[in-house]
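Values in this text are rule-based calculations from the coordinates and carry no lab data. Bear in mind that the values here come from a model prediction, so they are computed numbers and not experimental data. A quick note on method: Cβ atoms are made from the backbone with ideal geometry, for glycine too, and the neighbour counts reach across all protein chains shown.
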Amino acid sequence: MGSFILGLSSDHIQPILADRGYSFETIEHIQNTFRVSFEAAARSVTELCDDPASVLFCSLIIDAINGNSFAIDKFVVAQSFPFYIYAKTWRLPFLCLRRATQSDMLIRTTESWQIDGTASYQCEFAAKRMFFYVNKMRVEGVIVVVTNPKVSDLLK
Amino acid sequence: MVYRQHGMVWKSVLAEQLRQAEGAATVEEAALHLVQRKLNSLNLNHPPFDLPLIASAVGIIPEFISKSMTESGRIVRVGGKHHIELKNTDSKQRQRFTAAHEIAHKMIDGTKIKGTKHRSNYDPTIE
C-alpha cells in the first residue's frame, strides 16, 4: 500500500511501460520520476510487466580459499519468466557481474544461464554497480536486469 | 485468510475488513481504491506525490522526524498528535518508502492507532 501512495500502481506504470518498454533505463526513469529507490521501482515495474524479465540483486562474496564469487541476495521476477530463481544462489558465472564491478557504467551482455542441469537459456543482461539494502544493511553490489530469455540448449 | 498480491502476503482481520469495506475482490484492489480516493481528494494526479501533504490529510504531522533508531520507521502518538519517525541513516528514497508505509497504516486505521506502529521486521528485504 505504501507503493500505491508513492504512485507505483498500474495506472501510472503501465503507460510508461507501453511507451518505453521494460528495461534497466525504464526502471531508472521511474526511480527518478517517482522519487523512489531503484528496488521499489524494479519491484513494481517487473511485477506489472508482461515480458519475461527479472531483476537480481547480487553481492560479491569474498572467499580467500575458493575464490571470490557473486551471489543473489534477492530478486524480483515477472510472472512470465520461464524458470525459477533461488535466493542465495552463488558462484554466478556471468561476465556482466565482473565487468560491472569495475565500472560505473551500465554493462550489457548476452550470456547463457544454465538452470539445474536441465536447460540453458540465452539471456540479455544489463548490470550496474549500485547500493541496495540487505537485512536493513546498505550494501554495494551489482543489480542485474535480465530480459529476453530464450532456450539455447536442452541438456540431456 | 491469506492474500498474496505483488509478492507480498496480506493476512489480517483488518485486511479482510478493508476488502469488505471497499467492496473489492482483493485486498490489493481495496488498498488501491482507498489510496486513489485520498489522492483524488488532494488533486494529486501525477507522481512524485507530496508525502507531507498526504500525511497531513490523514492526521499526521507533515514534518517527518529523522533520528537514530533501529527500525526503518514508526508512527508515534505524542500529545494526541501522530508523528512519523524515520531512521536517519537510511537513504532519502528508502525514508520516503518508509514514510509512505507509515502513512498507509494511518490511512487504514483512521484514528484507532493507540500505541506505536513501526516498520522493522515487517520485511526488511523488500522495499
Lys, Arg +1 and Asp, Glu -1 on Cβ, resulting dipole of chain A about Cα centre, debye, nearest 20: 420 debye
When each of A:74/A:150; B:38/B:81; A:88/B:106; A:88/A:128; A:136/B:38; A:128/B:106 is checked by Cα-Cα distance, pairs over 26 Å: A:88/B:106; A:136/B:38; A:128/B:106
Between helix A:24-34 and chain A: long-axis angle, C-alpha atoms, 0 to 90°, nearest 10: 40 degrees
Estimated distance in nm for a label pair at residue A:135 and residue A:19, the labels positioned 7 Å out from Cα along Cα-to-Cβ: 4.1 nm
Positive dipole terminus of the protein assembly as shown, leading residue within A:106, B:59, B:79 (C-beta point charges): B:79
Residues in the stretch A:11-31 reached by a label modelled at residue A:110 [backbone nitrogen below 19 Å; 7 Å Cα→Cβ]: A:22-25
Per DSSP, loop chymotrypsin sites (Phe, Trp or Tyr not before Pro) in the stretch A:57-156 with at most 16 further Cβ within 10 Å: A:83, A:84, A:86
Within the protein assembly as shown: Cβ-based charge dipole about Cα centre, in debye rounded to nearest 20 (Lys, Arg +1; Asp, Glu -1): 860 debye
Qualifying trypsin sites (Lys or Arg not before Pro) in the stretch A:73-126, DSSP loop, other Cβ atoms within 10 Å at most 16: A:88, A:91
For the protein assembly as shown, convex hull volume per residue from C-alpha positions, Å³: 149 Å³
Size descriptor, Kirkwood hydrodynamic radius, that averages inverse alpha-carbon separations across the stretch A:2-154, Å: 15.9 Å
Dipole magnitude of the stretch A:1-61 about its Cα centre (Cβ charges: Lys, Arg +1; Asp, Glu -1), debye to nearest 20: 180 debye
